[in-house]
Each structure stands twice: as C-alpha cells, then as structure tokens.
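Visitor: Here it is, the structure in full.
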Amino acid sequence: MPETTITPGPRDIFERMRRHWLENPGGIGGELAEDAVIEIPFAPSGRTRRYEGREAFLHFAGPEQAAFVREFRFDEVRDVVIHETTDPEVIVVEYELAGTVIATGHQAASAFVGILRARDGKIVHWREYQNTLAMIEVLGPMSGAENLR
C-alpha cells in the first residue's frame, strides 16, 4: 500500500509557529513560503507594515528578533482561539503571548489576532494585529521592545 503524505494545514502550521516562539523564536523562517507576504497593519509609524517574500521578512526580522530574545523570553502562548473560515487555507487566530524580561524578571503578556493562509504546507500570508504601543508600555524601556515582530 502506498504511503500517503498529509500536507500540514493552517492549524498545523500555527501549532508549529507556537512551538517556534517558545523554543526557537527566530526559527519561523522555515514555515514561510518563498513568496510569503507578512503584514503588520498596526506597526508603529515609520516602520514597514508589509514584507513581500521570505527573504525580505527575514532580513528585517532576523537581527531584531535576535536582539529581542537576548532580553525577553516567551514563556507561553495562551488563550488560543482558532476560527475556521469558509476557505480551507485560512484561519483566524486569537492568542496571547506571555513572557519575562530576563534582566528584571518582570512578566508581561499581550493579545494578538492573526490571519494565516497556508498552501502546500507553508505560510503564504500572515497578517498580525498587535497593540505595539501597549507592549512597549508593559515591557518598559527595554531595548528592542518596540521591535517585537
């Protein structure tokens, strides 16, 4: 009997994203399709809000995430609610990221909403809504706090 391979859908991919955030915060690149589009509509003024292509996003995210994870540790992805859509490639995800400022031990959490489109086992579109100003306020003057994504 031939072996069947099941292509991961958007729920599976979001679960892998959760694991990356907790175990390897900079490791999400492997989940992105080469032509993925990443959008952060509520990014602070002057910041890029749309990245076209995996390399464009990683060029931005890699150095900033590396700096961020030296100062902040994600402890939990909680209160996850996944909403199915009529499109089998798309889910809407509500979640909260909780973590700790390493230097002070201060714990903080922030709510997010993401729209994930997956095709052929990869993220082809991720749109994340985050309250960046609230995150900066909660985390304080920590270097890199404004660059959570």
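Visitor: Give just the number: which of (1) at pLDDT 85 or above; (2) among the acidic types (D, E); (3) part of a helix (DSSP H, G or I) does E34 not satisfy?
Guide: (3)
Visitor: Right, here's the next one. Select, from A56, A33, the only residue that is farther than 18 Å from F74 by Cβ and buried (at least 17 other Cβ atoms within 10 Å of the Cβ).
Guide: Numbers: A56 fails: buried (at least 17 other Cβ atoms within 10 Å of the Cβ).
Residue meeting the stated conditions: A33.
Visitor: Exactly one condition in (1) more than 11 Å from the chain's Cα centre (by Cα); (2) buried (at least 18 other Cβ atoms within 10 Å of the Cβ) is not met by I28; state its number.
Guide: With respect to (1) more than 11 Å from the chain's Cα centre (by Cα); (2) buried (at least 18 other Cβ atoms within 10 Å of the Cβ), I28 is out only on (1).
Visitor: Still on this structure, please answer the following. Got a sec? Which of A109, A118, A56, A145 is of a type in the set (A, V, I, L, M) and at pLDDT below 85?
Guide: Result: A145 is the single residue among A109, A118, A56, A145 that is of a type in the set (A, V, I, L, M) and at pLDDT below 85.
Visitor: Which residue out of V90, V69 is touching a residue at least 60 places away in the same chain (Cβ under 8 Å) and of a type in the set (A, V, I, L, M, F, W, C)?
Guide: Only one candidate qualifies: V90.
Visitor: Right, next: Mind checking which residues of segment 66-120 are among the aliphatic types (A, V, I, L, M) and not in a strand (DSSP E or B)?
Guide: Scanning segment 66-120 gives A66, A67, V69, I102, A103.
Visitor: So, F68, is that one surrounded by 15 or more Cβ atoms within 10 Å (Cβ to Cβ), modelled with pLDDT under 90, closer than 22 Å to T132 by Cβ and of a type outside the set (D, E, K, R) or not?
Guide: Answer is yes for this residue.
Visitor: Let me ask something else about it. Select, from A109, A118, the only residue that is of a type in the set (A, V, I, L, M) and either touching a Leu at 6+ places or on another chain (Cβ under 6 Å) or surrounded by fewer than 17 Cβ atoms within 10 Å (Cβ to Cβ) (or both).
Guide: A109
Visitor: If R47 satisfies every condition in (1) more than 16 Å from the chain's Cα centre (by Cα); (2) exposed (fewer than 13 other Cβ atoms within 10 Å of the Cβ); (3) outside any helix (DSSP H, G or I) but one, which is the exception?
Guide: Answer for R47: the failing condition is (2).
Visitor: For segment 123-132, state whether one or more residues are under 18 Å from M17 (Cβ atoms), at pLDDT below 85 and not aliphatic (A, V, I, L, M). Give the steps one after another, and end with the answer.
Guide: We begin by selecting, within segment 123-132, every residue under 18 Å from M17 (Cβ atoms); these are 123-130.
Applying the additional criterion that residues be at pLDDT below 85 yields none.
No, segment 123-132 contains no residue that is under 18 Å from M17 (Cβ atoms), at pLDDT below 85 and not aliphatic (A, V, I, L, M).
Visitor: While we're here: Return the pairs, sorted by first residue and then second, in which the second residue is of a type in the set (V, I, T), the first residue lies in segment 116-135 and is at positive phi, the beta carbons are less than 9 Å apart, and the residues are 6+ apart or on different chains.
Guide: D120/T7; G121/T7; G121/I13
Visitor: Kindly indicate the residue of segment 77-96 that is loosely packed, with under 15 Cβ neighbours inside 10 Å and within 14 Å of the chain's Cα centre (by Cα) and also modelled with the lowest pLDDT among those meeting that condition.
Guide: Looking at residues that are loosely packed, with under 15 Cβ neighbours inside 10 Å and within 14 Å of the chain's Cα centre (by Cα), I get E96.
The values are calculated or read from the model by the stated rules, or taken from the named source; none is laboratory data. In this text, all values refer to a predicted model and were calculated from it rather than measured experimentally. Glycine also receives a Cβ, built like all others from the backbone with ideal geometry; neighbour counts cover every protein chain displayed.
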